[in-house]
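Asker: This is the structure I have questions about; it appears just below.
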Amino acid sequence: MTNVRLSPDGAIGPSGRARSSEAPSAERLSLAREVPPDWLDRLLMGHAALLPTTPLLESVESLLAISVDVLDDLAIGVCIPGVDGRQVVVRRPDRVSQVGTPDAVRLFPEHEGERAIDIPGEPGATLHVGAHDRERLHHAAVLLYVDRLAEVLGSVIRVQRAMTRAPSTEVHRLQDQVIQLEKLASLGQMVAGIVHEINNPLTSIVAYSDYLRKKGERAGSDQADVDRLARINEAAERILRFSRDLTEYSRPRAVVPASVPIHDVIDRALVFCEHELDQTGVMVERNFGEIHPVRGVAGQLTQVFVNLFTNAAHAMRDQGGLLTITTSMPTADEVLVIITDDGHGIDQETLPKIFDPFFTTKVDGRGTGLGLSIVRSIVQNHGGRILAASNSPKGTVFNVALPIAATPDETE
Ligand code: ADP
């Protein structure tokens, strides 16, 4: 076994290994500023392209391949304890994947320096970065990027664990859910085409009803008829707005991060959830503050709020209640969205599990247990954080923090 030699900064010396702790929170907050946005964008796109069914090694290899490209001159690898106690080791750039390596203390013995970083939420799993020039390992942008990559890998590994460790009946249930999700994804692609077909006749209805209403007004026609035409026009415009938003949300398009006004995203998500919220008798209060746009993918961020609002509506299903959405900028770098409901709340035992893939308490078939795990992945991919708090038996609060866009005026 290789000797372990700790150096004060957590880097590994030529003969051993040490783990650096996670980057301090102040560093995390400035991540969006320190790391070139295109690095984060590539990671975001790479993660978004992975399906829950993509095998673990393949997922890890593709994320490492992206990282090797952006972290020029660095070697990068991961070491994951396998389910049977063996190590799963993946190294880049030499594209060697090994399962069952007995000793993966140093993945890059040929390099002068190596850092190992714990992968959050995965005891014993480490992300390694090696370089001939040890200075490269201390570069702030490299450290912060690697920290982000560790978080993304943690979420990929968690999904895989949930898929592979489940008992066999559970595996079948999960497979059914994956098939269902894939069906929904293709349905989403069809929606874009269908909505396009609806939009054309709808545009005619909007234009002609408006024309007839104005004509009726000018000609002094029966006011009740003019009002009816106005209602047709408003209703058609509403459907048109909704269907345009739906197209935007569901259109399969390249994941290109941009500067996104988060209030528009929240409003769009509220429109999608309007039916659910109305049915539940939920009132919505929007306390929108003065905030900058965030950097991200509008469609994915919409998904975050659709999931959170849907969960809030489900929690208030029995008695109705108030959904409050508050936005602010507690620091110069971040937008904070606080979503509060006064539904049935979450008890302290359940709270730590809610972000786990496939965890659900909805026994009536309304839940897949994937909503919050998707929400967390998207938020983390955007360099943000999500926290939940609850005062069971009443009320839940979700805090979503997202880094602002570097150039607030360049909107999507
Ligand atoms: P699903 O909604 O399909 O069950 P999620 O991952 O979205 O899956 O949520 C996981 C669990 O977290 C839910 O089943 C529920 O128990 C709990 N939860 C999430 N949001 C809320 C909320 N606003 N109020 C109460 N419980 C919630």
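Taken together, the values in this text are just the output of simple stated rules run on the coordinates, not laboratory data. These figures come from a predicted structure and were not determined experimentally. Here the Cβ positions follow ideal geometry from the backbone for every residue, glycine too, while neighbour counts run over all protein chains shown.
Asker: Roughly how big is region 332-390's charge dipole about its Cα centre, with Cβ charges of +1 (Lys, Arg) and -1 (Asp, Glu), in debye to the nearest 20?
Answerer: Values: 5 positive and 8 negative charges, 47 e Å.
In total the dipole reaches around 220 debye.
Asker: Using only Cα atoms, locate the centre of region 191-227 and the centre of region 353-390, then give the distance between them in Å, rounded to an integer.
Answerer: A separation of 42 Å, based on Cα centres.
Asker: Something else: Relative contact order for region 266-412: what is it in percent, counting Cα pairs under 8 Å that are at least 6 residues apart? All intermediate terms of the calculation are to be shown ahead of the outcome.
Answerer: Values: 279 pairs, mean separation 39.1, N = 147.
With pairs under 8 Å counted, the relative contact order is 27 percent.
Asker: Still on this structure, please answer the following. List the trypsin sites (Lys or Arg not before Pro) within region 221-330 that DSSP assigns to loop and that have no more than 12 neighbouring Cβ atoms inside 10 Å.
Answerer: Those that pass, being in a loop and sparsely packed, are Arg253.
Asker: Here's something else I'd like to know. Which of Gly343, Ala313, Ile354 sits farthest toward the positive end of the charge dipole of region 307-373, with +1 on the Cβ of Lys and Arg and -1 on the Cβ of Asp and Glu?
Answerer: After comparing all options, I get Ala313.
Asker: Let me ask something additional. Whose amide H sits under 5 Å from the amide H of Val335, counting only residues 5 or more places off or on another chain, with H placed in the peptide plane?
Answerer: Amide H neighbours of Val335: Leu402, Ile404.
Asker: In nm, what is the difference between 0.36 nm times the number of residues separating Arg244 and Ser62 and their Cα-Cα distance?
Answerer: The span from Arg244 to Ser62 would gain 62.1 nm if fully extended.
Asker: Please turn the phi angles of region 198-213 into ³J(HN,Hα) values with the Karplus equation 6.51 cos²θ - 1.76 cosθ + 1.60 (θ = phi - 60°), one per residue in order, whole Hz, x for glycine and proline.
Answerer: For region 198-213, the Karplus-derived couplings read 6, 4, 5, x, 5, 4, 5, 4, 4, 5, 6, 5, 5, 4, 5, 4 Hz, x marking Gly and Pro.
Asker: Quick one: if you stick a label point 7 Å off each Cα along the C-beta vector at Asp176 and Asp38, how many nm between them?
Answerer: Result: 4.7 nm between the two label points.
Asker: Whole-Hz Karplus ³J(HN,Hα) for region 353-359, in order, using 6.51 cos²θ - 1.76 cosθ + 1.60 and θ = phi - 60°, x for Gly and Pro?
Answerer: Residue by residue, region 353-359 yields 9, 5, 8, 5, x, 6, 8 Hz.
Asker: Let me ask something additional. Efficiency by 1/(1 + (r/R0)^6): what FRET value for Val363 and Asn399, r their Cβ-Cβ distance, R0 = 25 Å, to the nearest 0.05? Walk me through the numbers on the way to the answer.
Answerer: On the way: r = 28 Å, r/R0 = 1.11.
With R0 = 25 Å, the Cβ-Cβ based efficiency is 0.35.
Asker: Taking the simple approach of a point 7 Å from Cα along Cα-to-Cβ for both Asp267 and Ala141, what is their distance in nm?
Answerer: Between Asp267 and Ala141, the simple spin-label model gives 3.6 nm.
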